[in-house]
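One structure below.
The values are calculated or read from the model by the stated rules, or taken from the named source; none is laboratory data. Just so it is clear, the model here is predicted, and its values are computed rather than measured. Note that each Cβ is placed from the backbone with ideal geometry, even for glycine, and that neighbours are counted across all protein chains shown. Side chains are part of the model used for accessible areas, which takes the heavy atoms of the whole protein and leaves out ligands, DNA and RNA. Shrake-Rupley method; radii C 1.70, N 1.55, O 1.52, S 1.80 Å.
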Amino acid sequence: MPFTAPKGTYDVLPPDSAWFLAVRDALVAPARRAGYGYLETPAFEETGLFERGVGESTDVVTKEMYTFADKGGRSLTLRPEGTASVVRAVTEHGLERGQLPVKVFYAGPMFRYERPQSGRFRQFQQVGVEALGLDDPALDAEIVALAVHAFAELGLTEVRLLLNSIGDGACRPAYVEQLRQFLRTVSAELDPDTRQRVELNSLRVLDDKRPEVQERLADAPLITDHLCPGCQEHYDAVRGHLGDLGIVWTETPRLVRGLDYYRRTTFELQHAGLGAQSAVGGGGRYDGLSEDIGGPPLPGIGWALGIERTLLALDAEGVRPAVPARCQVFVVPLGAEAKRAALRLADDLRGRGVAADLAYGNRGLKGAMKAADRSGASYAVVLGDRDLAAGVGQLKDLTSGKQHAVALADIGAEIACRLGGQP
Ligand code: HAM
């Protein structure tokens with residue numbers, strides 16, 4: 001094999017690709033019902049958008065971006081996430097000057113140069129939603145609920161919602177300073193990389209999953225004890241609305257996210273069956289992001305859910321989302337004249353909303369019936385020369401094995417009727 005897919009990437013192939021599409025559509029279905037409109041941005045942007053939007057001290061920007069110079073000498077980056085691009089697109093086109101909130105959803109590949117492992121890829125697929133223009137706590141609750149419903153509607157029962165507020169420009173700097181002071185008191189017991197992180201991005205140290213680091217953090221100050229009155233009131237209101245909606249969550253005061261733009265509400269959705277890469281989704285409020293990238297003040301909140309990890313979660317729970325039938329009727333022509341009739345019949349069935357296929361190549365009856373079985377169809381129509389001369393086709397129920405002749409003129413309508421399509 002001369003070429004294979006690049007490290008950390010994969011191909012989505014039929015028939016499993018049907019699960020992929022079903023999951024992608026199901027994850028955004030609740031948002032579409034809540035008035036979120038589809039938005040698409042380019043797969044690459046000016047590098048500065050992510051440096052300033054996502055944050056220069058994050059792992060995503062310092063280590064994981066696919067950055068390249070194009071032939072015009074511009075520095076471009078394959079998008080590592082969607083939020084900065086959405087804010088750029090919304091403000092570039094002035095959507096925030098219309099009805100607020102601006103509610104959008106998106107789906108597509110993201111790119112991060114990470115160490116590949118189960119559930120972690122270099123090109124991966126997210127669906128996301130963003131609601132921009134208001135800092136209404138009810139909107140935070142709506143956004144969180146949409147993610148919870150998305151997983152529940154897929155049939156997942158083991159997704160846990162972790163919730164936190166990480167404060168804002170008024171209260172977080174003082175908290176981070178206190179945290180840094182605390183971390184310095186234990187830094188002799190930390191490895192050099194972590195010691196450096198204490199100075200550069202203290203909050204990220206809280207996110208370190210290693211038990212030996214977590215042990216040192218037992219007495220670390222918590223952001224939720226240092227929220228300013230505005231943030232406290234906002235967080236209380238968000239939790240009140242979530243309670244009204246019957247959403248269950250776990251307070252997680254050490255939850256910090258890997259992107260710098262978050263303010264106030266932050267959350268993650270985790271699945272216990274996934275091992276180290278347990279986050280099936282995450283998000284939060286990002287009220288300063290628009291200004292950080294040179295735009296107007298524009299509060300916002302949103303999430304992104306990972307499709308690959310959702311598929312792994314479905315596997316772990318043994319749940320399969322419903323997918324449309326690949327083939328409901330398989331037509332088997334025996335001879336050249338029958339081939340013409342078979343192609344017309346399949347075309348007619350497809351026009352009636354029935355998934356239909358036929359045996360191509362000149363296989364005999366046995367090979368063609370094997371193909372019919374493999375197609376997953378519920379019915380086969382066998383067209384032989386003698387049938388054609390009599391103006392009929394043999395309609396075979398592939399479940400019961402029963403077969404009877406039906407006039408060719410009526411066969412499309414009869415099958416559509418049996419399958420609930422348009423007669
Ligand atoms: P994120 O937490 O970086 O947030 O990514 C969201 C989800 O994408 C993760 O929970 C995970 O399921 C999936 N994901 C991330 N990296 C990988 C990877 N390397 N391989 C496979 N799946 C991955 C964001 O991207 C924010 N833009 C979310 C957001 C939207 N915040 C506000 N609005």
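At a threshold of 8 angstrom on Cα-Cα distance, excluding pairs fewer than six apart, so keeping six or more, what relative contact order does the chain reach in percent?
Once divided by the residue count of the chain, the mean separation gives 16 percent.
Given the options G240, Q277, T250, identify the residue whose Cα lies farthest towards the positive end of the charge dipole of the stretch 211-298 (+1 on Cβ of Lys, Arg; -1 on Cβ of Asp, Glu).
Q277
Using only the Cα atoms, work out Rg/Rh for the stretch 38-130, with Rh taken as the Kirkwood radius, to two decimals.
In the stretch 38-130, Rg relative to Rh is 0.99.
To the nearest 10 degrees, how steeply does helix 336-351 sit against the main Cα axis of the chain, on a 0 to 90 scale?
The angle comes out at about 40 degrees.
For the stretch 235-281, which semi-axes, largest first and in whole Å, follow from the square roots of 5 times the eigenvalues of its Cα gyration tensor?
21, 16, 8
What value does the stretch 157-209 have for Rg/Rh, both radii from Cα atoms and Rh as Kirkwood defines it?
Rounded to two decimals, Rg over Rh is 1.08.
How big is D, in µm² s⁻¹, for the stretch 1-77 by Stokes-Einstein at 20 °C and 1.002 mPa s if Rh is the Kirkwood radius over C-alpha pairs?
D, rounded to a whole number, is 132 µm²/s.
May I have the convex hull volume per residue, in Å³, for the Cα set of the stretch 235-381?
In the stretch 235-381, the Cα hull volume divided by residue count equals 236 Å³.
Hey, got the dipole for the stretch 329-419? About the Cα centre, +1 on K and R Cβ, -1 on D and E Cβ, debye to the nearest 20?
260 debye
How compact and how long is the chain, expressed as Rg and Dmax of its alpha-carbon atoms in Å?
Using the Cα atoms of the chain, the pair Rg, Dmax is 27.5, 93 Å.
Sum up the lysine pairs in the chain that clear both bars: alpha-carbon distance under 24 Å and a spacing of 8 or more or different chains.
11
Over the stretch 329-419, what portion of Cα pair distances is larger than 19 Å, expressed as a whole percent?
Everything past 19 Å amounts to 28 percent.
With the Cα gyration tensor of the stretch 153-287 in hand, give its eigenvalues times 5 under a square root as the equivalent ellipsoid semi-axes, listed largest first in whole angstrom.
The three semi-axes for the stretch 153-287 are 26, 20, 11 Å.
Heavy atoms of the protein only, probe of 1.4 Å, neighbouring chains included. What is the accessible area of H404 in Å², nearest 10?
The accessible area of H404 comes to roughly 80 Å².
In the stretch 272-377, which chymotrypsin sites (Phe, Trp or Tyr not before Pro) are in a loop and have at most 16 other Cβ atoms within 10 Å, using DSSP for the loop call?
Sites meeting the loop and neighbour criteria: Y360.
So what's the angle, to the nearest 10 degrees on a 0 to 90 scale, between helix 408-419 and the longest Cα principal axis of the chain?
For helix 408-419, the angle is close to 40 degrees.
In degrees from 0 to 90, rounded to the nearest 10, what is the angle of the helix 137-153 Cα long axis to the longest principal axis of the chain?
Between the helix axis and the principal axis of the chain, the angle is about 40 degrees.
Antiparallel as a % of all DSSP beta bridges within the stretch 329-419, to the nearest 5?
55 percent
Under the Cβ-under-4.7 Å rule, which cysteines of the chain stay unpaired?
Unpaired cysteines in the chain: C231, C327, C417.
Normalise the Cα radius of gyration of the stretch 297-339 by 2.2 N^0.38 Å (N = residues in it) and let me know the number.
After normalising by residue count via 2.2 N^0.38 Å, the value is 2.41.
What is the magnitude of the charge dipole of the chain about its Cα centre, with +1 placed on the Cβ of each Lys and Arg, -1 on the Cβ of each Asp and Glu, and no other charges, expressed in debye to the nearest 20?
With Lys and Arg at +1 and Asp and Glu at -1, about 1700 debye.
Distance between the C-alpha centers of the stretch 107-172 and the stretch 266-338? Whole Å please.
11 Å
Which three extents, in angstrom, do the Cα atoms of the stretch 68-206 have along their principal axes, listed largest first?
Taking max minus min along each principal axis of the Cα atoms, the stretch 68-206 gives 51, 47, 37 Å.
What ranking, highest mean first, results for peptides 77-88, 274-285, 366-377, 186-197 when packing means the other Cβ atoms within 10 Å averaged over each residue?
Descending packing order for the listed peptides: 77-88, 274-285, 366-377, 186-197.
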